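No lab work stands behind these numbers, since they all come straight from the coordinates. If you're wondering where the values come from, they're calculated on a predicted model, not measured in any experiment. Ideal geometry is used to build each Cβ from the backbone, glycine not excepted, and the neighbour counts take in all protein chains shown.
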Amino acid sequence: MIRSRFSAHAFLLAGVAALLPLSAASAQVPSFSAPPYQAPTFAASFTGLAVPQTAAMDAVCLVGSATKTLRVLRVAVSGVDATAQTANINLVKRTVASTGGTSSNATVVKLDSLSGAATGVLTGYTVANTPGAGVALRAAAIGFGAATTATPQQIVWEFNPQLLQQPLTLRGVAQSACVNIPAALTTAGVALNVDVTWTELQ
């Protein structure tokens, strides 16, 4: 009877021991998924853009495309002023294009030289425009320090697909993503730095 009990116990221990290495190995092996498709990605920026003091306006807009869908991944804003001041800024998705003003377009850079030409346009304004219809998606207060002494504060807005976020998406030329100054600045002399990164797909 004693022998029978010992044999059964030994058999059970042997079975558990045989399973343990497999379980341990399984627990230590990480699970990998295939990397996401890398869409053609572009970046453009303005440095020292002379923003007018006089009115609420869109300072910089990424304008959508007639042929591609644009997805904004990152917008960064900083700047200095002749006299230090703090101002509110918004990131606005417009469904009706802003009009008027005096503007120029930034040079767009491909992150991969084999990508096709960008169809999105990054536009900066030095004379106030009339903003179109839209909704503010992000808001922040930014300090524009004195140009001769300050280390610029930077505001960064990111839309990260790896965190299951939908990027700010622009469909058609009527849609744009704009860095908006919602009220007249306290003093003149703001030099604005804005850089934008986005992807383009059919």
Added length on full extension, which subtracts the Cα-Cα distance from 0.36 nm per residue, GLN38 to GLN165: 44.1 nm
Scoring region 41-201 by relative contact order with C-alpha pairs under 8 Å, at least six apart, yields a percentage of 51 percent
Explain nothing, just the number: dipole magnitude of region 86-202 about its Cα centre with +1 on each Lys and Arg Cβ and -1 on each Asp and Glu Cβ, in debye rounded to the nearest 20. 240 debye
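For region 86-202, what D do you get in µm² per second when you plug the Kirkwood radius from alpha-carbon pairs into Stokes-Einstein at 37 °C and 0.692 mPa s?
Values: Rh = 16.2 Å.
D, rounded to a whole number, is 203 µm²/s.
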GLU158 and GLN53 label points (each 7 Å along its Cα→Cβ direction) are spaced in nm at 3.6 nm
In which sequence would ASP81, ASP58, ASP195 go, from the one with the fewest C-beta neighbours within 10 Å to the one with the most? ASP195, ASP81, ASP58
Separation between the THR149 and ALA188 pseudo-spin-labels, each 7 Å from Cα along Cα→Cβ, expressed in nm? 2.4 nm
Is any residue of region 152-166 close enough, with backbone N under 18 Å, to a label point placed 7 angstrom from the Cα of ASP112 along the Cα-Cβ axis, and if so, which? 161-162
Farthest positive-ward along region 59-189 dipole, Cα basis, beta-carbon charges - from LEU170, THR187, CYS61: LEU170
Rounded to the nearest 0.05, what FRET efficiency is calculated for THR83 and LEU137 with R0 set to 45 Å and r the Cβ-Cβ distance? 0.90
